[in-house]
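First up is the structure itself, then whatever we jot down about it.
FYI, it's all coordinate maths here, none of it is from the lab. Quick caveat, the model's predicted, so the values are computed rather than measured. Positions of Cβ are backbone-derived with ideal geometry, glycine not excepted, and every protein chain shown enters the neighbour counts.
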Amino acid sequence: MASTSTDHPPVAVVGAGLIGVAWAICFARAGHPVHLNDRNDEILAAALEVVAAALDDMAEFDLLAGRSPKEVLAHIRPRVDLADALAGVVHVQECAPETIPDKSAIFERMGELTGPETVLASSTSAFVPSLFTRGVRHRERCLVAHPINPPYLVPLVQLVPAPWTDPAVVARTERLMVAAGQSPIVLKREADGFVVNRLQGALIHEALRIVDEGVAGPGEIDLAIAKGLGLRWSFMGPFETMELNAPAGIRDYVERYGGLYRRIIGVEDAEPLWTGRALDVIEADRTARLDRDRIGERQRWRDRRLMDLVASLRAAEKRTRWSPA
């Protein structure tokens, strides 16, 4: 059954750089008409060439939702004039330069050019939305929708509301992202670094410290993630990993290994984090997701998922082997 324009309303992507191009692919693959905006035709023409090359590669791996590269590319319509790009769209994904003045200026202009029903989302990885949406007309429709690059391959999107963002706007954006094949997470409030950069930053900081202390080299650290933690983390997060590594669940894991981690981390607030309210919240969440008497069953699922992943990675290594020479 053919989709209708109501199923896939037009969206705009403002800024045709690396992230803007990636967002255009995401929305076009999902069937949305995409108005791709930048300051001149030359930039837009170069962006479409990048899109076309990426679509050809994605088609080779069957990642275009049953569409051909030509069909997806046809959904992307270059627009130099911003007002033209924003006309009739339900969602705007801003991908302007990462400065507060640039973000503020483009959001205020987009606010004047669109009605209150149009969601204005920023791809920023550096700023919480209250820093650049305060002066926007109908600012309650503004939020951050931060992707992980490239979003057409890595589906996570962090939705970050400003203090004045309408919860209905967040929910609407979440539905749009899910329908486009993304995996959104909704932050309860603004936080510098959002979720992913805080997690990634902690890991990078510790990796730098290991190198600085002469414990291991960069290659060993990369291997520790790629062939160790990263295998499990590709399909489950740290809390489920902890839960499945102890017979009685996550509190059992903390009781067994919490002292070790608190000693390694060596920060003053480690004790309450490992034994206080956070653990209660995490345990309640995990219990709601998995009955304790099914932990063994889930462990077997994890092992079979790892078997499938390892076999797939071995096959992928043969297909996509890279040589530095």
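By counting other Cβ atoms within 10 Å of each Cβ, how are 23, 164 ranked from fewest to most? Walk me through the intermediate numbers first.
Working: 23 31, 164 15.
Lowest to highest Cβ neighbour count: 164, 23.
Put in order of Cβ neighbour count within 10 Å, fewest first, the listed residues 318, 70 become 318, 70.
Between residue 283 and residue 220, the FRET efficiency estimated from the beta carbon spacing at R0 = 45 angstrom works out to 0.85. Relative to the Cα centre, the charge distribution of the range 70-165, modelled as +1 at Lys and Arg Cβ and -1 at Asp and Glu Cβ, gives a dipole magnitude of about 60 debye. Computed from Cα positions, the angle between helix 18-29 and the longest principal axis of the chain comes to roughly 80 degrees.
The residue list 143, 50, 156 was ranked by how far each Cα lies along the charge dipole of the range 11-186 toward its positive end, using unit charges on Cβ atoms, and 143 comes out on top. Among 91, 75, 138, 32, sorting on how many other beta-carbon atoms sit within 10 Å of each Cβ, with the fewest leading, yields 138, 75, 91, 32. Spin-label model, residue 273 to residue 256: label points 7 Å out along the Cα-to-beta-carbon direction sit 2.2 nm apart. Our note on the geometry: Cα centres of the range 95-167 and the range 227-298, 34 Å apart. Computed about the Cα centre, the dipole magnitude for the range 150-257 is approximately 360 debye when only Lys and Arg (+1) and Asp and Glu (-1) carry charge, each at its Cβ. Relative to the Cα centre, the charge distribution of the range 11-186, modelled as +1 at Lys and Arg Cβ and -1 at Asp and Glu Cβ, gives a dipole magnitude of about 500 debye. Helix 100-113 axis versus longest C-alpha principal axis of the chain: approximately 50°, rounded to the nearest ten. From its DSSP helices (H runs of at least four residues, each -39,500 (n - 2.57)), the chain gives a residue-normalised ellipticity at 222 nm of -15500 deg cm²/dmol. Report the one residue of 171, 282, 248 whose Cα lies farthest in the direction of the positive end of the charge dipole of the chain (charges on C-beta: Lys and Arg +1, Asp and Glu -1; origin at the Cα centre). The one lying farthest along the dipole's positive direction is 248.
Seen against the Cα atoms of the chain and their longest principal axis, helix 277-289 is set at about 80 degrees.
Set against the labelled values (i) -0.26, -0.95, -1.12; (ii) -0.32, -1.07, -1.21; (iii) -0.36, -1.14, -1.24, log10 I(q)/I(0) by the Debye sum over Cα atoms at q = 0.07, 0.13, 0.14 Å⁻¹ computed from this structure falls on (iii). Bridge orientation summary for the range 11-186: considering DSSP beta bridges with both residues in this region, about 20 percent are antiparallel.
For the range 244-325, a/c is not less than 1.5, where a ≥ b ≥ c are the root eigenvalues of the C-alpha gyration tensor, and a/b does not top b/c. That puts it in the oblate class.
As a length-normalised measure over Cα pairs under 8 Å and 6 or more apart, the relative contact order of the range 11-186 settles at 21 percent.
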